[in-house]
Amino acid sequence: MDSLGLFMLSLLLCSQWTAAPAAEEITWSYTGSVGQWQWPEYFPDCAGTSQSPVDVVTTQTKYDPSLGPVTPLGYDQHNNRPFTLYNNGHTVGLELPEWMGLGGLPWLFTAVQLHLHWGSGGPGRGGSEHTINGLSADAELHVVHYNSELYPNMSAAVTQPDGLAVLGILIVAGEETNPAFNNILSYLSRIRHADQKTLIPAFDVQSLLPKDLRRYYRYNGSLTTPPCHQSVTWTLFRERVQISKAQLIKMETMLHSSRAEDDDGKMLQDNYRAIQPLHHRVVLTSFSAESGEQLSSGEVTAIVIGVMCGCVALAVVVRFIVKTIKFFTLLHNDSLAVNSSTSSWDILPSNRPAPTPRVKNPEKEPEKIQDVVLNCTSDGEKKEEPTSSPQTEP
Ligand SMILES: *[C@@H]1O[C@H](CO)[C@@H](O)[C@H](O)[C@H]1NC(C)=O
Ligand SMILES: *[C@@H]1O[C@H](CO)[C@@H](O)[C@H](O)[C@H]1NC(C)=O
């Protein structure tokens with residue numbers, strides 16, 4: 001049997017998306033004759049208008065206060081039953097037990113598998129599928145669930161618009177080793193070739209996720225591999241997960257994309273799809289920009305100073321307005337003084353030096369400004385001042 005035949009058979013036996021009809025069992029890859037730019041010719045959904053991954057432009061996202069935290073269910077209960085880890089020629093996958101699920105969405109979703117996408121050439125060279133403001137991470141973890149309230153199994157759900165929910169976790173390489181990822185990476189040497197699988201010790205799957213499950217991006221998209229069905233409610237966490245450079249390099253260099261029998265020495269690398277146009281879609285956020293950040297002490301100081309300056313400026317303006325009103329009131333009263341019974345002593349002392357208050361003010365102002373600053377939260381005083389001169393509306 002030739003290598004193509006073997007590869008076709010291998011795909012039939014071990015497809016990443018077990019639902020794919022036989023007609024779609026075509027040997028696809030990321031580059032080459034059925035590379036990602038050719039996918040649409042063989043898998044029509046790959047040419048759809050709600051494809052994944054996407055670039056999240058944070059200034060064009062929309063805050064949706066109804067988006068609560070997503071809640072992994074049973075991720076930490078593995079009952080010590082071993083997990084199955086496999087290489088399907090496209091990625092490393094981990095089968096997840098059916099008691100693991102996802103809450104916080106309109107339906108209950110049941111976990112199916114998780115897998116990774118990565119690049120080549122180490123840190124800072126891309127490898128994630130989703131990007132944020134055009135920037136890639138080094139790798140990306142996907143935890144796939146199907147809607148078990150509406151559909152009996154993954155196969156039935158994978159083609160439905162509300163069929164799947166995938167958690168996307170961006171991974172960056174740094175200095176520290178992430179022990180949780182060693183639960184997978186330590187066993188890659190057992191599944192170097194396509195179609196190999198191995199049992200690995202069970203572990204707490206939630207330890208692979210970021211700590212902050214409240215802040216995420218949400219949009220409707222697709223599988224990022226053929227057949228690209230547009231059935232995925234995406235949850236892309238804002239917090240990224242860190243692994244060490246050595247862990248990233250292990251991920252990038254341990255696996256081969258072909259079967260052991262027909263190994264061409266080709267590494268399983270750069271298994272990420274290019275970003276797809278958003279078209280009509282809007283990416284929602286579960287967090288608002290204002291409440292999203294913890295303010296640093298420097299920012300708090302800046303805000304306090306800013307508010308104080310604002311109050312002082314307001315005080316100066318209010319004072320100027322009051323002075324102006326008083327000045328014109330006094331002018332008005334002055335012209336009435338001849339006919340009125342008002343004692344001229346009430347008016348004259350402050351009226352006579354009318355042109356001079358501008359000179360006097362700077363000395364008196366500091367006290368008054370401070371008064372206003374201290375009371376600047378209560379507008380009572382500000383409103384009182386203008387109305388306290390009874391002749392303002394003659
Ligand atoms: C999934 O559910 C459908 C519909 O009930 C059924 O026909 C199919 O055999 C099931 N597939 C698997 C793999 O269990
Ligand atoms: C996804 O599509 C469903 C059904 O059309 C819609 O109700 C929902 O608001 C969409 N979600 C997002 C994040 O756009």
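Summary of values
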quantity	calculated
Residues being crowded, with 19+ Cβ neighbours inside 10 Å and farther than 20 Å from G35 by Cβ - total across region 252-293	4
Hey, T59 surrounded by fewer than 13 Cβ atoms within 10 Å (Cβ to Cβ), of a type outside the set (K, R) and modelled with pLDDT of 95 or more or not	yes
Candidates R273, R259, filtered to the one that is at pLDDT below 95 and touching an Asp or Glu at 6+ places or on another chain (Cβ under 7 Å)	R259
Every residue from region 204-249 that is open to solvent by 10 Å² or more (accessible area, probe 1.4 Å), in contact with a Pro (Cβ under 7 Å, 6 or more places away or on another chain) and assigned to a helix (DSSP H, G or I)	Q206, K245
Residue in region 29-40 that is at pLDDT 95 or above, away from ligand 2 (no atom under 16 Å from the Cβ), open to solvent by 60 Å² or more (accessible area, probe 1.4 Å) and not polar (S, T, N, Q) present	yes
Y63 of a type in the set (F, W, Y) and more than 15 Å from ligand 2 (Cβ to nearest atom)	no
Qualifying residue in region 164-179 (condition: of a type in the set (S, T, Y), outside any strand (DSSP E or B) and within 25 Å of F109 (Cβ to Cβ))	no
Region 258-272 residues that are farther than 20 Å from S128 by Cα, paired with ones that are among the basic types (K, R) (beta carbon under 9 Å, 6 or more apart)	S258/K266; A260/R192; D263/R192
Within region 156-181, tally of residues that are touching a strand residue (DSSP E or B) at 6+ places or on another chain (Cβ under 9 Å) and either modelled with pLDDT under 95 or more than 16 Å from ligand 2 (Cβ to nearest atom) (or both)	14
Residues being under 11 Å from Y272 (Cα atoms), open to solvent by 10 Å² or more (accessible area, probe 1.4 Å) and under 21 Å from the mean Cα position of the chain (by Cα) - total across region 90-130	1
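The values are calculated or read from the model by the stated rules, or taken from the named source; none is laboratory data. Not measured: the values here are computed from a predicted model. Heads up, the Cβs are rebuilt from the backbone with ideal geometry, glycines too, and the neighbour counts pull from every protein chain shown. These area figures cover heavy atoms from the full protein model, side chains too; ligands, DNA and RNA do not enter into them. Shrake-Rupley method; radii C 1.70, N 1.55, O 1.52, S 1.80 Å.
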